[in-house]
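Worksheet: the structure to be examined is printed underneath.
The values are calculated or read from the model by the stated rules, or taken from the named source; none is laboratory data. All of these numbers come straight from a predicted model, not from anything done at the bench. Please note: Cβ atoms are built from the backbone with ideal geometry, for glycine as well, and neighbour counts cover all protein chains shown. Areas reflect the complete protein model, heavy atoms only, side chains present, ligands, DNA and RNA absent. Shrake-Rupley method; radii C 1.70, N 1.55, O 1.52, S 1.80 Å.
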Amino acid sequence: MTLEFAVAMNDVVRVLAEEIHEWYTDDELPAAAKAISRIERAVAVLQEAKHEPCPEAFTLLKRYKRQLN
């Protein structure tokens, strides 16, 4: 994965995570499950490629997993 691609992918993940955070309360997060699962996969790909995913993605994933439990 090139650095340029990783940066672009991270930007998309960040914007999507911010939008979900803004529009969904904790109780509504399951409605965004499909988008959140794609963020989770993108974070895994970034980590596998040794690129640091954006903090917004980690925050959203923590909120979502906490809501599921």
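Overall, the ratio between the Cα radius of gyration of the chain and 2.2 N^0.38 Å, rounded to two decimals, is 1.08. Taking every C-alpha pair closer than 8 Å and separated by at least 6 residues, the mean separation divided by the residue count of the chain gives a relative contact order of 46 percent. Note on residue 67 and residue 48: the extension gain reaches 4.2 nm, defined as 0.36 nm multiplied by sequence separation minus the Cα-Cα distance. Label-to-label distance for residue 3 and residue 28 is 3.9 nm, based on points extended 7 Å past Cα in the beta-carbon direction. Across the accessible surface of the chain, with the other protein chains kept in place and a 1.4 Å probe, carbon and sulfur atoms take up 57 percent.
Accessible area per residue of the chain at 1.4 Å probe, in Å²?
Accessible area per residue: 69 Å².
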